[in-house]
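Enquirer: I have a structure here, written as structure tokens, and I will follow up with some questions on it.
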Amino acid sequence: MKPLEGLIVLEFCQFLAGPSAGLKLADLGARVIKIERPVKGEACRQLSIKDLFVDDSSLLFHTINRNKESFAADLKNPDDIILIKKLIAQADIMTHNFRPGVMEKIGLAFNEALAINPKIIYGTITGYGTTGPWAKKPGQDLLLQSLSGLSYLSGRKSQEPVPFGLAVADLMCGNHFVQGILAALLKRAKTGKGVLVEVSLLESVLDVQFEAITSFLNDGGQLPERGDVKGTAHAFLSAPYGVYETQNGYLSLAMGDLLFIGNTLGIDLNDYADKHLWFEKRNEIRQILANKLLSQTADFWIELLQKKGIWCGKVFNYEELDSQPFVNELQLKQTVKNSDGKTLVTTRNPIQLDGNYLTSSKAAPKVGEDNLQIHEQFLK
């Protein structure tokens, strides 16, 4: 039995942050019902990655909405609102990521939901909180990476700001949202009362940077300074930390004793015996390491370094990653199937419980696919 089995989640969310949280809850056993507009459904159904689609919905939509049900309802239609309120009365959790004021306008704000169901856990995701001049601005991942300072942590000093290649603000916010909802479930178990859970993209992406921001706040306001050698990987760490080119690809070097690493590679780094120089002269040191590592293959260096217990690894692309034995040994992929019998391969939840992986075989639903079943069970 999965830990959240028996719980019903009504998901009014769209795009990434909220639905990614719903996916985690579904993997943990909750019954997640997406509330979608009729016909077109949630907007993310048409937001594609690489123009890839499965049935009428994007592959992106399928990646974060598997193992859910879909109930089509028009939130501007009074009759459909009546049905939604009946569902809220029987739900455990409801989530939304509308801009502040939208749910209030249609009569589904927290206090109104609480009046319908005094034990409801009501979760909201916003871009920048619910008050203040930014409250109604669009909360989009790249915009949050940019304004939060995150884009100034990657790449080299001489480069422009480098945003992450993933929607990290959305996905971290989704994880924080799940943490809040699970905590709210515990609180409700103790008090018997509903709980309001609120997170914002801005607060999540700042929380991810707690080390860097704390350094800035306690170091006289000194800005992080990225290294300026190719392969710089962290604005706050000293040499040798970084990614280095070899004759046939790249390898990464993590933290370690610089002089020991130098001896292992056949480089005299005694001029940098003072550990303070490992940060102060990191560009200089990394360039020396880079010149040496370019003289042999990645496999040659990794075998040499790992024998000495030095933390290093090969830099894989997805094709190389997929060929690694641990992918199958850890069962990192799963196949899901939609109601038309079409299948797609995706990742699985990273959590194990009692030695069991959290997997599911159900792909994302079509718009309103579960209306009939939900009507029969909840709305008669």
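The values are calculated or read from the model by the stated rules, or taken from the named source; none is laboratory data. The model shown is predicted, which means the values in this text are computed figures rather than measured ones. All Cβ positions, even for glycine, are placed from backbone atoms using ideal geometry, and neighbour counts span all protein chains on display.
Enquirer: Closer than 30 Å to L25 by Cβ, loosely packed, with under 13 Cβ neighbours inside 10 Å, touching a residue at least 12 places away in the same chain (Cβ under 8 Å) and not polar (S, T, N, Q): which single residue out of K366, K342, K337, K362 fits that description?
Expert: Details: K366 fails: loosely packed, with under 13 Cβ neighbours inside 10 Å; K337 fails: loosely packed, with under 13 Cβ neighbours inside 10 Å; K362 fails: loosely packed, with under 13 Cβ neighbours inside 10 Å.
K342 is the lone residue from the list that is closer than 30 Å to L25 by Cβ, loosely packed, with under 13 Cβ neighbours inside 10 Å, touching a residue at least 12 places away in the same chain (Cβ under 8 Å) and not polar (S, T, N, Q).
Enquirer: Output the number of residues of the stretch 77-117 satisfying the condition of being exposed (fewer than 14 other Cβ atoms within 10 Å of the Cβ), on the phi < 0 side of the Ramachandran plot and either acidic (D, E) or modelled with pLDDT under 95 (or both).
Expert: 2
Enquirer: Quick one: would you say S70 is of a type in the set (G, A, S) and modelled with pLDDT under 95? Let's see the steps before the verdict.
Expert: Working: of a type in the set (G, A, S): yes; modelled with pLDDT under 95: no.
Spelling it out, it is not the case that S70 is of a type in the set (G, A, S) and modelled with pLDDT under 95.
Enquirer: Let me ask you something else. I'm checking my understanding of the structure. Among residues of the stretch 246-282 that are assigned to a helix (DSSP H, G or I), buried (at least 16 other Cβ atoms within 10 Å of the Cβ) and not aromatic (F, W, Y), which one is nearest to the chain's Cα centre (by Cα)?
Expert: Filtering the stretch 246-282 down to residues assigned to a helix (DSSP H, G or I) leaves 258-265, 270-272, 277-280, 282.
Now narrow it down to the ones that are buried (at least 16 other Cβ atoms within 10 Å of the Cβ): 258-259, 261-262, 264-265, 272, 277-278, 282.
Within this subset, residues satisfying the condition of being not aromatic (F, W, Y) are 258-259, 261-262, 264-265, 277, 282.
On the way: L258: 34, L259: 37, I261: 34, G262: 37, T264: 38, L265: 37, L277: 36, R282: 31 Å.
Among them, the one singled out is R282.
Enquirer: Further question on the same structure: Go through the stretch 175-214 and count every residue that is of a type in the set (S, T, Y) and loosely packed, with under 15 Cβ neighbours inside 10 Å. Give the derivation first.
Expert: First, the residues of the stretch 175-214 that are of a type in the set (S, T, Y): 191, 200, 204, 214.
Remaining after also requiring loosely packed, with under 15 Cβ neighbours inside 10 Å: 191, 214.
Count: 2.
Enquirer: Checking C13 against (1) more than 25 Å from Q377 (Cβ to Cβ); (2) under 19 Å from the mean Cα position of the chain (by Cα); (3) in a loop (DSSP other than H, G, I, E, B), which single condition isn't satisfied?
Expert: Of (1) more than 25 Å from Q377 (Cβ to Cβ); (2) under 19 Å from the mean Cα position of the chain (by Cα); (3) in a loop (DSSP other than H, G, I, E, B), only one is false for C13: (1).
Enquirer: Kindly indicate whether any position in the stretch 293-304 is surrounded by 12 or more Cβ atoms within 10 Å (Cβ to Cβ), over 31 Å from the mean Cα position of the chain (by Cα), closer than 13 Å to L253 by Cβ and among the small types (G, A, S).
Expert: No: the stretch 293-304 contains no residue that is surrounded by 12 or more Cβ atoms within 10 Å (Cβ to Cβ), over 31 Å from the mean Cα position of the chain (by Cα), closer than 13 Å to L253 by Cβ and among the small types (G, A, S).
Enquirer: Identify the residue in the stretch 118-155 that is among the aliphatic types (A, V, I, L, M) and under 24 Å from L166 (Cβ atoms) and, among all such residues, is surrounded by the fewest Cβ atoms within 10 Å (Cβ to Cβ). Quick ask: steps written out before the conclusion?
Expert: If we filter the stretch 118-155 for residues that are among the aliphatic types (A, V, I, L, M), which is where we start, we get 120-121, 125, 135, 142-144, 147, 150, 153.
Cutting the leftovers down to under 24 Å from L166 (Cβ atoms) gives us 125, 142-144, 147, 150, 153.
On the way: I125: 27, L142: 12, L143: 16, L144: 27, L147: 14, L150: 21, L153: 18.
Ranking the qualifying residues of the stretch 118-155, first place goes to L142.
Enquirer: What number of residues within the stretch 118-157 are more than 22 Å from the chain's Cα centre (by Cα), farther than 30 Å from M94 by Cβ and at pLDDT 90 or above?
Expert: So the answer is 0.
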